Amino acid sequence: MQTVLIVDDSRTERELMSRAVSFAGFAPVFAEDGNEAVEKAKSLQPALILMDVVMPNLNGFNATRQLKADAATKHIPIVLVTTKTGDSDKFWGKKQGADDHVCKPFVSNELVDIIRRYVR
């Protein structure tokens, strides 16, 4: 079964995203900040990363930039799932290499559709 890496410092948000990932037919794995996300992405090679932006240590924008700059992880689609919903935030996310942007609070069915768009 393919894995989806869920990166969020909120346990509640990780659980909500986990339900959508499981419903879409994938195995969720977790990271609580950008540093852990970079490590797990390199070791696990998930099919997709769902990345929060506002997190301690290494934020989601910086983690995305690191992952997209690394030959070992640049192929992994990254979807930002965040409360940072302004046009400038979406633009900045794309500049860092994010493939898509989902606003919190998200609708589970819409998140499932986005997951299935990037992972088959």
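Bear in mind that the values in this text are calculations on the coordinates, not laboratory data. Please read these numbers as outputs of a predicted model, since none were measured by experiment. Cβ atoms come from the backbone with ideal geometry, glycine included; neighbour counts cover every protein chain shown.
Below, the figures for the structure above:
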read-out: Cα shape, the range 71-120, gyration tensor, a/c 1.5 rule; value: oblate
read-out: Normalised contact order of the range 46-120, rounded percent, pairs of Cα under 8 Å and 6 or more residues apart; value: 33
read-out: Size of electric dipole in the chain: Cβ of Lys, Arg +1 and of Asp, Glu -1, about Cα centre, debye, nearest 20; value: 380
read-out: Positive minus negative residues near Ile114 (Lys, Arg vs Asp, Glu; Cβ under 12 Å); value: -2
read-out: Label corresponding to mean projected area of the Cα convex hull in nm² when calculated from the structure given, among [x] 8.2; [y] 8.9; [z] 6.3; value: [z]
